[in-house]
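Notes for the one structure printed next.
The values are calculated or read from the model by the stated rules, or taken from the named source; none is laboratory data. All of these numbers come straight from a predicted model, not from anything done at the bench. We place every Cβ from the backbone using ideal geometry, glycine too, and count neighbours over all the protein chains shown.
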Amino acid sequence: MFAVIYIGGKQYKVQEKDELNIEKIDIKEGKNIKIKDVLLLSESGAKKLKIGTPFVKGAHVECKVLEHGRGEKIRVFKMKPKKRYSKLQGHRQPYTRLKVLKISSVAKKASQKKGVEDKKPVEKKN
């Protein structure tokens, strides 16, 4: 079972027990997060494939925040020849590391379908 989720402005293909780095989010380490923006859901291989418009209704992915960190340093070097101009700059992108705990597709029960509700019996007054 795998899913394609949308978080932090990017799309990720995830399976259960996967670990992935996403753009930094403000959630404490050790907390669980439920991602409801599921674009695609495959239950048993490619046989049962649910594609959302834009998201799959009722589907969600539960993840645990493992850590927050910063990526490797990227060096940005700018230079203009014959002008004696050069500039060296570094950048480290912050990230959040997630572990996928559970991918679930919640189908509506028969009593929760559209138009069918749990109604209390109406008492007749004499």
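Listed values, structure above:
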read-out	value
Condition broken by Glu72, with the remaining ones in (1) surrounded by 11 or more Cβ atoms within 10 Å (Cβ to Cβ); (2) among the acidic types (Asp, Glu); (3) assigned to a loop (DSSP other than H, G, I, E, B) satisfied	(1)
Check on Lys83, in contact with a strand residue (DSSP E or B) (Cβ under 9 Å, 6 or more places away or on another chain) and outside any strand (DSSP E or B)	no
So Glu62, is it within 15 Å of the chain's Cα centre (by Cα) and surrounded by 10 or more Cβ atoms within 10 Å (Cβ to Cβ)	yes
Residues satisfying the stated conditions in the range 83-126, i.e. modelled with pLDDT under 60 and either within 23 Å of the chain's Cα centre (by Cα) or within 30 Å of Gly8 (Cβ to Cβ) (or both)	Lys108
Subset of the range 14-55 [of a type outside the set (Asp, Glu), assigned to a loop (DSSP other than H, G, I, E, B) and more than 26 Å from Gln93 (Cα to Cα)]	Ser44, Gly45, Ala46, Lys47, Lys48, Gly52, Thr53, Pro54, Phe55
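Results for (1) modelled with pLDDT of 95 or more; (2) within 30 Å of Lys87 (Cβ to Cβ), shown as yes or no for each residue.
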| site | (1), (2) |
| --- | --- |
| Tyr6 | yes, no |
| Ala46 | no, no |
| Glu67 | yes, no |
| Gly71 | yes, yes |
